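To start, the structure under review is shown below, and the notes come after it.
Taken together, the values in this text are just the output of simple stated rules run on the coordinates, not laboratory data. Because the structure is a prediction, the values reported are computed rather than measured. Quick reminder, even Gly has a Cβ in these numbers, built from the backbone with ideal geometry, and neighbours come from all protein chains shown.
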Amino acid sequence: AQSVTQPDIHITVSEGASLELRCNYSYGATPYLFWYVQSPGQGLQLLLKYFSGDTLVQGIKGFEAEFKRSQSSFNLRKPSVHWSDAAEYFCAVVVTSYDKVIFGPGTSLSVIP
Amino acid sequence: DAGVTQSPTHLIKTRGQQVTLRCSPKSGHDTVSWYQQALGQGPQFIFQYYEEEERQRGNFPDRFSGHQFPNYSSELNVNALLLGDSALYLCASTSAYEQYFGPGTRLTVT
């Protein structure tokens, strides 16, 4: 069965420091990959997506993610974190068109001023 | 262009009651999916509606049912509420491989 893992339940970084959130998926072929962010009490906002092509994708709010087929990974990065980035981050996959989204358990990010 | 809208925003119900949540998809989207997000967890797929029929279903009991109307809006119904049904319920409208999420309905069962 398809699954998404996010090894880090909670990460704390200082404002201005770099950030990397890890994501691994389990599926035979390459799925369509997404990162969402959720602020407390809010819905999900799409940060970026990977469908095909260049394995380094740029998203909103200065985030980027790199797809590595050999590692079945899609890690999210940001060179300099802002206090407003504190939120819950979800990695997700879609296997086929119009299919359900399979979410990872999420990584909670705290930012120290 | 309005995005995905959901109503109500918050809801408090008692165990055993029934609840109906509503969703209007993004303009032009004909497919609606529902997800349950328990506190501290990732969203879990409940079901998906297309052309007024349930097309896919996740691992949820029959107490969870839905409906899609000709204008593509959708309802999620939950019968015989349990304390464990307390969660954020998210609606998403789909365009090909991308899903657009609404703000959610926070359901509290007491």
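For chain B, averaging the sequence separation of C-alpha pairs within contact (under 8 Å, six or more residues apart) and dividing by the residue count gives a relative contact order of 37 percent.
Computed from the Cβ-Cβ distance with R0 of 30 Å, the FRET efficiency linking B:Asn59 to B:Ala96 stands at 0.75. For chain A, dividing the convex hull volume of the Cα atoms by the residue count gives 101 Å³ per residue. The order of the peptides A:103-112, A:63-72 by mean Cβ neighbours within 10 Å, most packed first, is A:103-112, A:63-72. Note on A:Lys61: lysines with a C-alpha under 18 Å away, same-chain residues under 8 apart excluded, are A:Lys49, A:Lys78.
Structural descriptor for chain A: relative contact order 37 percent, calculated from alpha carbon pairs under 8 angstrom and at least 6 residues apart.
For the residues of B:31-43, the average number of beta carbons from a partner chain within 10 Å of their own beta carbon is 4. Taking every residue in A:34-44 and counting other chain Cβ atoms within 10 Å of its Cβ, the average works out to 5.
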